[in-house]
Amino acid sequence: MIARMSKYDFVLFAAQSADFIDRLRELGLVDITVAGWEPTEEDRQLMLDIEAGNKALDYLKAWTEEREKASKEGKRPAEAAAPYASGAEAFAEYLRTQREAAAARTEIARLEKTAEELRPWGDFDAARAQKLADEGIVLRYFSAQRNTYDKALNEWSEQYAISEINRSDSTVWFVVIAAPGQEINLDAQEMKAPQMDIRQAEAAIAAEQTKLEALDADFARAAASQELLAAHVASLKERLQGTKVEATAQRAADGTLAIMEGWAETETSGKVDALLEEYPNVVYLKSDPTPEDNTPVKLKNGWYARIFELVGDMYARPRYGTLDLTPFFAPFYMLFFGICLNDAGYGLILLAMGLWLLRKNPEPGMMRQAAWFATMCAGATILFGGFCGSFFGVNLQEYFPSVPFFDFQGKFFSIALAIGVVQILFGMLISICVTTRTFGIRHALGPLGWFVMLLACVIAGGLPMLNPAWAVPGFGTSSVAFYVVLGIGAFLMLFLNTPGRNPLLNVGSGVWNLYNNITGLLSDVLSYIRLFAIGLSGGVLALVFNSLADGFVPEGANIAVRILIMLPILLIGHGINLFMSTISSFVHPMRLTFVEFYKNAGFEMATRNFEPLQKAKGEK
């Protein structure tokens, strides 16, 4: 659900604003509106410093883990380094060290490329070659395909003095001794004269590597200063936060007064009131949000729905005053994921990964939320895959003929459409309830009429199509009751779709809405075929890899040979299929949620989330 918010308007002396913001930050409960903030060049540099600081923390964390791992494996001794005096110094020294390391790596890469070019020429004295050139003897350097060189060597030797220097399986490097300015025509690639030999290049590479290794001491000091660096990044974040608030505060009385708009959760607003009452020279007004306000949104869901908030956040949070749809789409999303992946074996692998992530991330946070998400979706996959009798592409019906597994390929096409109709009707019912709660039942009569007509068609015509035994007695497509319900729904939709408007205008609007709803509903329902298609494609690919592995086994091979041949094919094949199918199973249910369900449920997105001022925490 969406947490209730209270709106505050603050008026205080502009000179107090920095201290006031700091007090609110310590409280950590108030979101200050900063709409319209335009960063200055200084602000942009501050944002770049924050980004660079976060990257530095990530790099140093990985660097430390790598060094600790190498120390445990005995590849290098444990190192102890003294931290820098402050976070600012650690940040500056880290940036310097990173620049020097990047320059050294670039130079090493250049020298290695040069060494690769020099290696075929062996030991080379550039000074002596220059001395020969001064005496009128010029060395020209060429490379050619080995076959070309061997065939043309005799012909070339009649015209030029050629000396072979080196050769590989495919290439020959040679020198032509020529006079200054002499034109040489060979079917070969002329190369730039070497300026050093391979020994000099390798010595230069070693020198740069020594320089790079020496920088490890500076990285070690920066790594030992991670807490200081994290605190420095946090101070930069707080500085940017304060800059935004002060820059967007309205000024009054010739700049003497500052006016700010703030938001706090209603249940914790008492603490905010207490702070404001004791803070000197501040006047505030507390009120409830209005529809015209750009109210920030915070979700407060139970354990289960909170897991799926990460899915909803990939699109947007609901606008304040509407309904949080997370608890309503979460069960559908789990079901859709299980249908799309549709293999109990794959589900077990995902379950193992989810449980491993839960163990690796015991503290609340994004990673633990993702771990629970993977675990829940894996459970749905195991249940649905077991229901259909699919285990790593193997049809369990062949091994357990007495178990009535569900025939996914033969029966699920129409069921996928039925699931789509159910979710769409559910979304429409939610929209009707929200409209009724917000504006009254009169404003929901039009959508209610459309919902009644659809529900009647589903009960009278849809249920018998799925199973004749599900037909409702006395309510078929040819019954009087069916047409009475259709008439009631049509009347609500055509004549009462907009309260207080001319009935004739309502009829025209209702007919137009009917056309749009019918065409839109058809495309919405057909979108749910993807559940069947994705589940079927993944199962077919799994079956193909099983058949491929079995087909490579020679006839009469023993179990050891079968394992040696089949295992690599199965691991690679099912690994690829699991990766691709998992992505599809993650993306396509999300698409059905955001497009079909959200649209029919009347979802309205928020433009801002609730982000209270608080002490920034640097990541270590």
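The values are calculated or read from the model by the stated rules, or taken from the named source; none is laboratory data. Model, not experiment: these values are computed from the prediction. All Cβ positions, even for glycine, are placed from backbone atoms using ideal geometry, and neighbour counts span all protein chains on display. The accessibility values were calculated without ligands, DNA or RNA, using every heavy atom of the protein model including side chains. Shrake-Rupley method; radii C 1.70, N 1.55, O 1.52, S 1.80 Å.
Worth a mention:
- When residue 168 is tested against (1) closer than 21 Å to residue 117 by Cβ; (2) more than 58 Å from the chain's Cα centre (by Cα); (3) not aromatic (Phe, Trp, Tyr), just one condition goes unmet, and that condition is (2).
- Qualifying residue in segment 3-23 (condition: more than 30 Å from residue 252 (Cα to Cα) and either open to solvent by 80 Å² or more (accessible area, probe 1.4 Å) or under 25 Å from the mean Cα position of the chain (by Cα) (or both)): yes
- Test: residue in segment 432-439 that is at pLDDT below 90, out of contact with any Pro (no Cβ under 6 Å at 6 or more places or on another chain), surrounded by 19 or more Cβ atoms within 10 Å (Cβ to Cβ) and closer than 28 Å to residue 491 by Cβ: yes
- Residue 413 meets all of the listed conditions (1) open to solvent by 50 Å² or more (accessible area, probe 1.4 Å); (2) within 23 Å of residue 493 (Cβ to Cβ) but one, namely (2).
- Among the residues of segment 288-305, those identified as surrounded by fewer than 18 Cβ atoms within 10 Å (Cβ to Cβ) and assigned to a helix (DSSP H, G or I) are 303, 304.
- Taken over segment 513-567, residues that are under 31 Å from the mean Cα position of the chain (by Cα), open to solvent by 70 Å² or more (accessible area, probe 1.4 Å) and acidic (Asp, Glu) amount to 0.
- A single entry from 463, 496 fulfils the requirement of being closer than 20 Å to residue 415 by Cα and surrounded by 13 or more Cβ atoms within 10 Å (Cβ to Cβ): 463.
- Where a residue in segment 330-354 is within 19 Å of residue 314 (Cβ to Cβ) and its partner, wherever it lies, is surrounded by fewer than 24 Cβ atoms within 10 Å (Cβ to Cβ) and of a type in the set (Lys, Arg), with Cβ under 9 Å and at least six apart: 340/530
- Residue count for segment 206-265, restricted to those that are open to solvent by 50 Å² or more (accessible area, probe 1.4 Å), without any contact (Cβ under 8 Å) to a residue 24 or more places away in the chain and of a type in the set (A, V, I, L, M, F, W, C): 3
- The one condition from (1) surrounded by fewer than 16 Cβ atoms within 10 Å (Cβ to Cβ); (2) touching a residue at least 60 places away in the same chain (Cβ under 8 Å); (3) assigned to a helix (DSSP H, G or I); (4) within 28 Å of the chain's Cα centre (by Cα) that residue 50 does not meet is (1).
- Segments classed as helices (runs of 4 or more DSSP H), wholly inside segment 456-573, with at least 2 members that are at pLDDT 80 or above and among the aromatic types (Phe, Trp, Tyr): 480-495, 529-551
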